[in-house]
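Below is one structure, written out as structure tokens; the observations come after it.
Every read-out reported here was derived from the displayed coordinates using simple, explicitly stated rules and does not represent laboratory data. Values in this document were obtained by computation on a predicted structure and should not be read as measured data. We place every Cβ from the backbone using ideal geometry, glycine too, and count neighbours over all the protein chains shown.
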Amino acid sequence: MNVFDTKDDFTAHLKAQAQDAVPDDIAQALSAGVAQSEGELRDVDSPVDGLNLRVGQWVLRDSDVPVLEAITMVGAALGAVAAPGAIAVGTVLAGLTAFAKFVWSAWRRSSRLTRDEIAVLGILHTRGALSQDDLTTLALDAFPQMTAAQVAQTLLSLQDIELLNGDIIELIRKDASGRWRIRHG
């Protein structure tokens, strides 16, 4: 477990960990998203994990490392497949920040996200609402180890996430036009 006195120290540590795997701008976007989410979670009166560890310090648990690695892996893959000129760099970076923030919040509230789920959330955050065919194509391009069946199963699992308090929520939904999108709120 790592403990940091300030948000800046926490963010700097996250960025340093990601810089071995991704370019500096992507590391900055991902670390900013995680830090924003952690800051918002720290402001909540009740502890997220039942262990009231937020006593003025920023804590990064050993169990958080695989999620941070998955966020970084997805950020690297999505940054690599964003064709130059096709999508503005600022848009991709903003999407990666929102993705990291969303995934970190979901992780802290549920602790049950798989790498495939994190990958699909990353695509939807950086590309917006997509048909299942388009989402599958993007997933297979960015993550060659995934199959179309895994993408389909992941879409189902992201509609049935159990929170630590026992509530079941949807992280994604299919809109009226049949496209998948992040469920906010």
Candidates E40, E117, E162; GNM for the chain (alpha-carbon contacts under 10 Å) flags as most fluctuating E40
A correct fewest-to-most ranking of F99, F143, F4 by other Cβ atoms within 10 Å would be F4, F143, F99
In whole Hz, the Karplus estimates of ³J(HN,Hα) for segment 142-148 (6.51, -1.76, 1.60; θ = phi - 60°; x where Gly or Pro) are 7, 10, x, 6, 7, 10, 4
Sorted on mean Cβ neighbours within 10 Å (highest first), peptides 24-36, 168-180, 125-137 come out as 24-36, 125-137, 168-180
Dividing the mean separation of Cα pairs under 8 Å (6+ apart) by the residue count of the chain yields a relative contact order in percent of 21 percent
Ranking G95, Q159, S63 by how far each Cα lies towards the positive end of the charge dipole of the chain (+1 on Lys and Arg Cβ, -1 on Asp and Glu Cβ), the top one is Q159
A correct Karplus calculation of ³J(HN,Hα) over segment 163-171, with 6.51 cos²θ - 1.76 cosθ + 1.60, θ = phi - 60°, whole Hz and x for Gly and Pro, returns 7, 4, 7, x, 5, 10, 10, 9, 8
Toy charge model, Lys and Arg Cβ at +1, Asp and Glu Cβ at -1: the chain dipole around Cα centroid in debye, rounded to 20, equals 360 debye
Rg (one decimal) and Dmax (whole number) from the Cα set of segment 2-182, in Å, equal 16.1, 47
Here, segment 58-164 modelled as identical Cα point scatterers in vacuum has Debye log10 I(q)/I(0) at q = 0.15 Å⁻¹ of -0.61
Taking placed amide H atoms and a strict 5 Å upper bound, the residues 5 or more places from F143 or on another chain that come that close are none
Partner aspartates and glutamates whose C-alpha sits under 17 Å from that of K15, ignoring same-chain residues fewer than 8 away, are D5, D24, D25, E38, D62, D64, E69
Per the helix-only model, the chain has a calculated mean residue ellipticity at 222 nm (DSSP H runs of ≥4, -39500 (n - 2.57) each, divided over all residues, rounded to the nearest 500) of -18500 deg cm²/dmol
